[in-house]
1. Search the stretch 232-241 for residues being without any contact (Cβ under 8 Å) to a residue 60 or more places away in the chain and exposed (fewer than 15 other Cβ atoms within 10 Å of the Cβ), and hand back the single one that is farthest from MET291 (Cα to Cα).
2. Mind checking which pairs have a first residue in the stretch 44-62 that is among the aliphatic types (A, V, I, L, M) and a second that is open to solvent by 40 Å² or more (accessible area, probe 1.4 Å) and assigned to a helix (DSSP H, G or I), Cβ under 7 Å, 6 or more apart or different chains?
3. In the list LEU143, LEU177, LEU201, which residue meets the criterion of being modelled with pLDDT under 95 and either of a type in the set (Val, Ile, Thr) or within 18 Å of the chain's Cα centre (by Cα) (or both)?
4. Could you list all residues from the stretch 41-65 that are of a type in the set (Gly, Ala, Ser), at negative phi and at pLDDT 95 or above?
5. Which condition number does GLY303 fail, the rest of (1) open to solvent by 60 Å² or more (accessible area, probe 1.4 Å); (2) more than 28 Å from SER124 (Cβ to Cβ); (3) assigned to a loop (DSSP other than H, G, I, E, B) being met?
6. Which residues, counting only those in the stretch 204-223, are more than 19 Å from the chain's Cα centre (by Cα) and of a type outside the set (A, V, I, L, M)?
7. Among (1) under 21 Å from the mean Cα position of the chain (by Cα); (2) assigned to a loop (DSSP other than H, G, I, E, B); (3) touching a residue at least 40 places away in the same chain (Cβ under 8 Å), which single condition is ARG226 missing?
8. Can you name the residue in the stretch 34-70 that is under 19 Å from TRP104 (Cβ atoms), of a type outside the set (Gly, Ala, Ser) and touching a strand residue (DSSP E or B) at 6+ places or on another chain (Cβ under 6 Å) and is also surrounded by the fewest Cβ atoms within 10 Å (Cβ to Cβ) among such residues?
Amino acid sequence: MKLVFAGTPEVAVPALDALIASGRHEVAAVVTRPDAPAGRGRRLVASPVAERAEEAGIEVLKPAKPRDADFLERLREIAPDCCPVVAYGALLPRVALDVPARGWVNLHFSLLPAWRGAAPVQHSLMAGDEITGASTFLIEEGLDSGPVYGTVTETVRPTDTSGDLLTRLAFAGAGLLAATMDGIEDGSLKAVPQPDEGVTLAPKITVEDARIDWAAPALRVDRVVRGCTPAPGAWTTFRGERLKLVQAVPLPDRTDLVPGQLAAGKNNVYVGTGSHAVELLWVQAQGKKPMRAADWARGVRIGEGELLGG
């Protein structure tokens, strides 16, 4: 088939690579979000997908909106059979969905109908899922509600952050997307409607969602820290300033600290929760780089009974 691939961030690059490497289909063009300001100088930088496509000599389309007339005209000129999508980052209007004969097929990082939305991996970790995965489905105008072509499962490891899990799913999902294109092309795959039961939503994680509630159990604190790493980053406050929590582990045997209470040893920093303590391993103070929690504690000289979070 002739394909137009739509994607933007680094997590979409493995799927683009898999389609290029397959040799079975032609990736005629790539659609990605416009260049965005990055770094201290805020200079415009192309997306990771755009950079990879340019390296491969593939035409890159960067519409401000996918309903722009110039973009739609070029898409019709290319006349793709199918448009695979991975984390493109913009809502596709019906006028664009109607262009490819076999539709737009999205690689979504959950086992649909669970975790429909922008942040499936983060929500899966924060909910304590033991198994997750990726799905390919035919895009409709609803939110991740289209019929499913295929899935791949992935075990959630006890120390996984959303970054760890998303990286594994990006590579596993790349193979799934390539296989889905093959199955659509040869007629061996048929999309199956999603069940009405088991629908959960995964909206974008806000900064407030990532704030630690120290009255919650240690298990919940652990899940929020891992689910919000690397972005947007779990956080709390210390002496009125924001403190990001990069890595923490529950300590079931320590129950002597009240929620938010800090206790620092020579090489350890502990915090009380609604159940038992957690040990802070890495933190990031406001305006600073990430550092070991013990080094941070020595620098700020924690007082007896001081609390995190207010």
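The values are calculated or read from the model by the stated rules, or taken from the named source; none is laboratory data. Bear in mind the structure is a predicted one, so any value in this text is a computation, not a measurement. Cβ sites come from the backbone with ideal geometry, for glycine too, and all protein chains shown count toward neighbours. What goes into the accessible areas is simple: the full protein's heavy atoms, side chains included, and nothing from ligands, DNA or RNA. Shrake-Rupley method; radii C 1.70, N 1.55, O 1.52, S 1.80 Å.
1. Taking the stretch 232-241 first, the residues without any contact (Cβ under 8 Å) to a residue 60 or more places away in the chain are 232-235, 240-241.
After this cut, where a residue has to be exposed (fewer than 15 other Cβ atoms within 10 Å of the Cβ) as well, the list is 240-241.
Details: GLY240: 19, GLU241: 16 Å.
Ranking the qualifying residues of the stretch 232-241, first place goes to GLY240.
2. ALA56/ILE20; VAL60/GLU54; LEU61/ARG74
3. On the way: LEU177 fails: modelled with pLDDT under 95; LEU201 fails: modelled with pLDDT under 95.
Answer to the check: LEU143.
4. Our first condition is that a residue be of a type in the set (Gly, Ala, Ser); within the stretch 41-65, this holds for 41, 46-47, 50, 53, 56-57, 64.
If we keep only those that are at negative phi too, we end up with 41, 46-47, 50, 53, 56, 64.
The answer is ALA46, SER47, ALA50, ALA53, ALA56, ALA64.
5. Result: GLY303 passes all but (1).
6. Listed by number, the residues that qualify are ASP213, TRP214, PRO217, ARG220.
7. (2)
8. GLU59
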